[in-house]
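Participant: For reference, the structure I am asking about is given below.
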Amino acid sequence: MDKYIPVVVIKELAEVDKILPALKAHGINCAEITFRTACAAEAIKMASEKYPEMNIGAGTVINEKQCKEALKAGATFIVSPGLSVGVAKVCKKKNVPYYPGCVTPTEIMQALELGITTVKFFPANVYGGLSALKALSAPFPQVKFIPTGGVDRNNIDEFLAFDKIAAIGGSFFVKEALEKMEDK
């Protein structure tokens with residue numbers, strides 16, 4: 001798994017050829033393209049075909065229909081803001097990693113029952129940040145977390161220093177990469 005998972009919102013397909021090269025130039029070979037826009041599936045397909053060396057996933061996937069569309073488009077991993085049993089089953093059947101949003105012990109236990117041991121912790125800043133993750137890690141030592149929302153350059157090193165962090169998710173990676181490209 002990549003250590004950095006940029007959350008990418010594509011509103012127009014032309015943004016794929018702007019954002020993905022910027023991420024690559026910034027040393028990031030991964031993108032979670034969100035299912036928040038009308039062109040999400042097309043953007044994932046385009047990104048998967050034009051940037052095969054990158055790990056292209058789908059984010060904000062909230063139901064089985066979106067999951068199937070994302071996988072058909074070429075997504076290699078699926079991320080949700082919450083836990084969907086239907087999405088989990090589709091991913092398990094297709095042998096594709098699924099990172100559901102889980103912030104409570106009950107949600108984490110549901111994920112574990114589905115065979116999921118890496119979960120998105122979203123929004124991290126609202127649900128207690130690193131101190132919450134450390135507390136949740138005590139009863140769930142087998143779980144790794146992907147904190148997203150409220151993680152930025154000010155606190156990323158603190159999160160990455162904790163051994164239960166699988167990766168960091170965030171849109172700030174996209175902003176940074178685009179700013180660096182503009183500076184060149």
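Participant: How large are Rg and Dmax for region 1-127 when calculated on the C-alpha trace, in angstrom?
Facilitator: 14.1, 41
Participant: Roughly speaking, what is the stretch gain from Met109 to Asp157, that is 0.36 nm per residue apart minus the C-alpha to C-alpha distance, in nm to one decimal?
Facilitator: Length gained between Met109 and Asp157: 14.5 nm.
Participant: Taking only DSSP H segments of four or more residues, each worth -39500 (n - 2.57), what value at 222 nm results for the chain once the sum is divided by all its residues, to the nearest 500 deg cm²/dmol?
Facilitator: Value at 222 nm, helices only, nearest 500: -12000 deg cm²/dmol.
Participant: Continuing with this model, one more query. What accessible area per residue, rounded to a whole number of Å², is obtained for the chain using a probe radius of 1.4 Å?
Facilitator: Normalised by residue count, the accessible surface of the chain is 48 Å².
Participant: Counting only the heavy atoms of the protein chains, how much of Met46 is accessible to a 1.4 Å probe, in Å² to the nearest 10?
Facilitator: Roll a 1.4 Å probe over it and Met46 shows about 40 Å².
Participant: Next question. Could you order Glu113, Glu64, Glu182 so the one with the most accessible surface comes first? Probe is 1.4 Å.
Facilitator: Accessible-area ranking of Glu113, Glu64, Glu182, largest first: Glu113, Glu182, Glu64.
Participant: Next up: Given labels modelled 7 Å from the Cα in the Cβ direction, how far is it in nm from Lys50 to Met1?
Facilitator: 2.8 nm
Participant: Got a number for carbon plus sulfur as a percent of the chain's accessible area, 1.4 Å probe?
Facilitator: Working: 4700 of 8920 Å².
Summing carbon and sulfur atoms, their accessible area is 53 percent of the total for the chain.
Participant: At Asn63 and Lys89, where each label point lies 7 Å from the Cα along Cα→Cβ, what is the point-to-point distance in nanometres?
Facilitator: 1.5 nm
The values are calculated or read from the model by the stated rules, or taken from the named source; none is laboratory data. It should be emphasised that the depicted structure is a prediction, and the values quoted were computed from it without experimental measurement. Because the Cβ atoms are built from the backbone with ideal geometry, glycine has one as well, and the counts that use them run over all protein chains shown. Ligands, DNA and RNA are stripped out before the accessible areas are found, and what is left, the full protein with its side chains, is counted by its heavy atoms. Shrake-Rupley method; radii C 1.70, N 1.55, O 1.52, S 1.80 Å.
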